[in-house]
Amino acid sequence: MASLTATVKPVPPFDFGLTAGYQTYFRSSYGSDSLAQDVYRRLLDVRGKLVLATVRSVGSVAAPELAVELQGGGLASQDAALAADQVAWILGAHQQLTPFYTLAQGDPVLSAIVERFNGLHLPHAASVFEALVLAILGQQLATNVARIIRTLLIETYGPCQTFQGETYYTFPRPESLLSADLEELQRLKLSRRKAEYIQGIATAALGEPNGLQALHQLPDAEVVKQLLQLRGVGPWTAQWVLIRALGRPDAFPLGDLALRRTVSHLYFNGSTLNDGELEQFSRRWSPWRTYATIYLFTAMRAGAR
DNA sequence: ACCCAGGCATTGG
DNA sequence: CCAATGCATGGG
């Protein structure tokens, strides 16, 4: 089993524990991702080869540096380079937070939050397919219920490999989910409708020259227009894909119940806003509404209810 | 036994 | 064009 190392230098400020923790939902294991003893691990699917990435921080928030160990059968140096790029993408290492922090200075609520979570980058899904499936799976479900179903899906259909006695999974490939029976997916506690949606997404991922990854080339409005063609994808999911899969900085998931609650609580003393009012209010954070959303969610998860 | 939770599609007015 | 409803599960 070959093992290679690589270095990733994120754009400061970058808080490794906070960012990897966001990705694993501050749990030791979350589907294909794990974080324990300051070590983040993820099994990657690099052009069909399974590569385990083990990531440690060897720098600081102000001068960040990540040591990435890559293991896999028949691992060539170009595979390792691709894998390291995937790690950088997943951890949002290239994001420039400073302009957003500057904007946040003018917002008393947000300025306190960005100070508290200084260096939190927004993790990305490895693919548009993964982000879409996870978003649909989680629609309208409590996050802990969604986590159970997500884990079932990954451990049932995801490619896996064992390293040093530990088994790791990566996200299922579209082919695997497409060839599953609807009844089989329903046994994983998906509704029949969501099972159908997910197979539709898998079909889209396998189509075209580049499938859903082609969305990376399009502007936000065009991405949303195309995503809304897919059954199971509404405005909330489309915005979530802009955020989690495409790294667009100014998306805003209107209709998100938790977001509405958080904004109502933090800015309006609990009186609830409707979507129109929330959309209007969110303009104060443009062109960084994605980051505002993520930081507000993080504050909420940390207990700002 | 309810009701709700980080939505969406369908249906009926 | 807006309002109501079914869908899945698990926790309160």
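Laboratory data are not the source of any read-out in this text; all were calculated from the coordinates shown. This is a predicted model, so every value here is computed, not measured. Cβ: placed from backbone, ideal geometry, glycine included. Neighbour counts: every protein chain shown.
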Study note, to complete from the structure: Of every Cα-Cα pair in chain A, the percentage lying beyond 30 Å is 32
Study note, to complete from the structure: Helix-only [θ] at 222 nm, chain A, -39500 (n - 2.57) per DSSP H run of 4+, per residue, nearest 500, equals -13500 deg cm²/dmol
Review point. Please report, for the Cα atoms of segment A:5-84, the Rg to one decimal and the Dmax as a whole number; what are they, in angstrom?
Key: 12.7, 36
Exercise for review: Could you name the lysines whose alpha carbon sits less than 30 Å from that of A:LYS194, not counting residues in the same chain fewer than 8 places away?
Suggested key: A:LYS49, A:LYS225
Check your understanding: If Lys and Arg each add +1 and Asp and Glu each add -1, what is the summed charge of the other residues whose beta carbon sits under 14 Å from the beta carbon of A:VAL145?
Key -> +4
**Study point:** Net +/- balance of residues flanking A:ARG284 in space, Cβ distance below 15 Å, scoring K and R +1, D and E -1
**Key:** -2
Revision key, fill the gap. With +1 at each Lys and Arg Cβ and -1 at each Asp and Glu Cβ, the charge dipole magnitude of segment A:35-175 around its Cα centre, to the nearest 20 debye, comes out at 180
Point to revise | Debye, to nearest 20: dipole size of segment A:209-300, +1 on Lys, Arg Cβ, -1 on Asp, Glu Cβ | key: 120
Revision key, fill the gap. Output ordering of A:116-126, A:183-193 (per-residue mean of other Cβ within 10 Å, highest first) is A:116-126, A:183-193
Review point. Arranged from highest to lowest average of other beta-carbon atoms within 10 Å per residue, in what order do the peptides A:236-248, A:218-230, A:130-142 appear?
Key: A:236-248, A:130-142, A:218-230
Exercise for review: Working from the alpha-carbon coordinates of segment A:33-74, get Rg over Rh, Rh being the Kirkwood radius.
Suggested key: 1.06
Point to revise | About the Cα centre, charge dipole magnitude for chain A (Lys/Arg +1, Asp/Glu -1 at Cβ), debye | key: 560
Exercise for review: Just grab the label-to-label distance for A:SER111 and A:GLU155, each label 7 Å out from Cα along the Cβ direction, in nm (one decimal).
Suggested key: 4.7
Review point. Considering the dipole of chain A built from charges on the beta carbon (Lys and Arg +1, Asp and Glu -1) around the Cα centre, which of A:TYR291, A:LEU82, A:GLY59 is farthest to its positive end?
Key: A:TYR291
Exercise for review: Order the peptides A:275-281, A:6-12 from the highest to the lowest mean number of other Cβ atoms within 10 Å of their residues.
Suggested key: A:6-12, A:275-281
Check your understanding: Can you list the HN-Hα couplings for segment A:46-61, worked out from phi with the Karplus curve (6.51, -1.76, 1.60; θ = phi - 60°), rounded to whole Hz and with x for Gly and Pro?
Key -> 9, 6, x, 9, 8, 10, 8, 9, 10, 10, 10, 7, 10, x, 10, 4
Point to revise | Debye-sum result for segment A:199-305 in log10 I(q)/I(0), which assumes one identical scatterer on each alpha carbon, at q = 0.09, 0.21 Å⁻¹ | key: -0.27, -1.09
Study note, to complete from the structure: Env charge @ A:LYS189, Cβ radius under 14 Å, K,R +1 / D,E -1, value +3
Revision key, fill the gap. log10 I(q)/I(0) for segment A:128-244, Debye formula on C-alpha points only (no solvent), q = 0.23 Å⁻¹, two decimals, reads -1.38
Exercise for review: Pull up all non-local amide H partners of A:PHE163: gap of 5 or more, or a different chain, and H-to-H distance under 5 Å with H placed in the peptide plane.
Suggested key: A:TYR168
Point to revise | Percent of C-alpha pairs per 5 Å bin, segment A:98-196, short to long | key: 2, 11, 17, 17, 12, 11, 10, 8, 8, 4, 0
